[in-house]
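First the structure, in the form of structure tokens, and then the observations on it.
The values are calculated or read from the model by the stated rules, or taken from the named source; none is laboratory data. The structure displayed is predicted, hence computed values, not measured ones. Backbone-built Cβ (ideal geometry, glycine too); neighbour counts: all protein chains shown. Surface areas here come from the heavy atoms of the whole protein model, side chains and all, with no ligands, DNA or RNA. Shrake-Rupley method; radii C 1.70, N 1.55, O 1.52, S 1.80 Å.
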Amino acid sequence: MKCEELLKVLNEYVDGTVDPAICEEFERHMAGCDPCQIVVDNIRKTITLYKNGQPCQLPLEFRTKLHEVLRRRWNEAHSANSK
Ligand SMILES: [Zn+2]
């Protein structure tokens, strides 16, 4: 899995619809890629914070915003890495 592919999967990851087989590749890529790890860590924390005390699904508006934020974070993390 490449960084670009991970970014695509991230949206499904946020929505909780990611395929278990893909999830495995996702974890494997993360283990060897610092920028992706930083972004995913960040998103995980945000989701956990939000879900704290609320077992329901993330509202669409929140997920859309999260998709934007993670794309921006991802771009930042990866451009900083290539310099
Ligand atoms: Zn990566």
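Taking the three principal axes of the alpha carbon atoms in segment 1-72, the coordinate ranges are 32, 25, 18 Å, sorted in descending order. Among Asp15, Asp34, the sequence by solvent-accessible area, most first, with a 1.4 Å probe is Asp34, Asp15.
For trypsin sites (Lys or Arg not before Pro), the sites in segment 1-45 that DSSP calls loop and that have at most 11 other Cβ atoms within 10 Å are Lys2.
Surface listing: Glu27, Glu61, Glu4 arranged by accessible area from highest to lowest gives Glu61, Glu4, Glu27, probe 1.4 Å. Taken about its Cα centre, the chain carries a charge dipole of about 340 debye when Lys and Arg each add +1 at the Cβ and Asp and Glu each add -1 at the Cβ.
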